[in-house]
1. How many residues does segment 142-165 contain that are assigned to a loop (DSSP other than H, G, I, E, B), modelled with pLDDT of 95 or more and open to solvent by less than 40 Å² (accessible area, probe 1.4 Å)?
2. Cβ-Cβ under 8 Å, sequence separation 6+ or interchain: first residue in segment 148-166 and without any contact (Cβ under 8 Å) to a residue 24 or more places away in the chain, partner assigned to a helix (DSSP H, G or I) and open to solvent by less than 10 Å² (accessible area, probe 1.4 Å). Which pairs?
3. Take the residues in segment 6-38 that are of a type in the set (Gly, Ala, Ser) and away from the ligand (no atom under 15 Å from the Cβ), then tell me which one is least open to solvent (accessible area, probe 1.4 Å).
4. Kindly indicate which of Asn91, Asn97 is part of a loop (DSSP other than H, G, I, E, B), within 16 Å of the ligand (Cβ to nearest atom) and at pLDDT 95 or above.
5. Hey, any hits in segment 117-134 for a residue that's under 23 Å from Leu22 (Cβ atoms) and outside any helix (DSSP H, G or I)?
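The values are calculated or read from the model by the stated rules, or taken from the named source; none is laboratory data. Predicted model, so just to flag it, every value in this text is computed and none were measured. In this analysis, Cβ positions are derived from the backbone assuming ideal geometry, glycine residues included, and neighbour counts consider all displayed protein chains. Note: accessible area is taken over every heavy atom of the protein model, side chains too, but ligands, DNA and RNA are not part of it. Shrake-Rupley method; radii C 1.70, N 1.55, O 1.52, S 1.80 Å.
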Amino acid sequence: MSKIRIATVWLDGCSGCHMSFLDMDERLLAIADQIDLVYSPLVDAKEYPENVDLALVEGAISSEDDLRKVKTVRSRTRVLMALGDCAVTSNVPGMRNYFKRDELLSRAYIENATVRPGIPTEVVPRLLPKSKPVHEYVDVDIYVPGCPPSADIIFSAVAALLDGRMPELNRKASFG
Ligand code: SF4
């Protein structure tokens, strides 16, 4: 049987959801022979590959870079899971939505700068006007809320999909 190709993606999040994924501990070993981890901050792949079966997406869409990435992920992935409250609701990154983008940039890079004040024009991805949840830009198949979702919940969702079943939190997708 061919292995399920899994990716994990880190957008505007704190990496806590990835830490929770790793907190599955020995259960990762239990599913290791069923999956190929083809893209993730945890592995060395630089380009998001084609034909990914399941992507766990952490974080909100806050920058042009996030938006470009999530569109690529969606176009190359069968089942996209919004992992954690930042991906599901925009959560912590969304707290900046009460302010205008220019006010934020000025506060961060000019008013609070102790050296070389100035808004960066390169390297730092350009912020979108608002930080939004993943489903505002691309279709999401499964929502796994929590900040972070517990390792138990992540495992139960992933294990159900590997088993060809709908996770209890599922809206519409499975591999079956
Ligand atoms: Fe971090 Fe919570 Fe957002 Fe996950 S949902 S990236 S743990 S702030």
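1. Of the residues in that region, 2 qualify.
2. From segment 148-166, the pairs are Met166/Ala160.
3. Residue satisfying both the conditions and the ranking: Ala7.
4. Only one candidate passes the filter, namely Asn91.
5. No, segment 117-134 contains no residue that is under 23 Å from Leu22 (Cβ atoms) and outside any helix (DSSP H, G or I).
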